[in-house]
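Inspection log for the structure reproduced underneath, given as structure tokens.
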Amino acid sequence: MKNGSNLFDLDGIDKKILRHLMEDARIPILEIARKIGISGAAIHQRLRKLEASQVISGSKFIINPKVLGYTTMAYIGIYLDRAMSNPRAVAALEKIPEVLECHYTTGNWSILIKVLCKDNEHLMQVLNKKIQQIEGVSRTETFISLNQQINRQITI
């Protein structure tokens, strides 16, 4: 249910449902219902309400990139020559499959991206032949992630 500030208020049952689904999105609805103590129909109804309010948006499988040979994660700060270059740069970055995330930022960079590459050589190719060739990109600053220590969603 929405409150006065147009934010969605989760009740205790909603939170329990979300916690179960965040732990395992493939858990059967009837198992959640049994654990919480309400009917499967009530769970379905609440899930439809949560989707309609955009609290949740679908589910997905998480691929382990290391198993596929992608071992180099990097964050790249991109300096643009003009703020007007932002939409064109983002459109070009969207075409680069190694770019996983793209954020407008405050501070020195115009854009911060997260990229995933097979190794450092692949990263260098992506930087030199793709990212730094984008019109409006004046320079980049790259930080290679050595090991991700925390990976979580917001606490419900």
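The values are calculated or read from the model by the stated rules, or taken from the named source; none is laboratory data. Owing to the predicted nature of the structure, the values given are computational and were not obtained by experimental measurement. Cβ placement follows ideal geometry from the backbone for every residue including glycine, while neighbour counts extend to all protein chains displayed.
Before moving on, here are some points about what is shown:
- Taken together, 118, 129 contain a single residue that is within 27 Å of residue 67 (Cα to Cα), charged (D, E, K, R) and surrounded by 11 or more Cβ atoms within 10 Å (Cβ to Cβ), which is 118.
- Taking every residue in segment 100-112 that is of a type in the set (Asp, Glu) and pairing it with any residue that is modelled with pLDDT of 95 or more and assigned to a strand (DSSP E or B), at least 6 positions away or on another chain, the pairs with Cβ-Cβ distances below 7 Å are 101/113; 101/114.
- Number of the condition not met by residue 88 [criteria: (1) assigned to a helix (DSSP H, G or I); (2) not assigned by TED's automatic domain parsing to the domain that holds residue 137]: (2)
- Of all residues in segment 27-60, those that are in contact with a Phe, Trp or Tyr (Cβ under 7 Å, 6 or more places away or on another chain) and loosely packed, with under 12 Cβ neighbours inside 10 Å total 0.
- Just one residue in the set 96, 56 is under 30 Å from residue 30 (Cα atoms) and of a type in the set (Val, Ile, Thr); that residue is 56.
- Selection of segment 130-156 for residues being farther than 15 Å from residue 78 by Cβ and not in a loop (DSSP other than H, G, I, E, B) yields 144, 145.
- Residues of segment 78-110 classified as under 21 Å from residue 148 (Cα atoms) and surrounded by 15 or more Cβ atoms within 10 Å (Cβ to Cβ), total: 3
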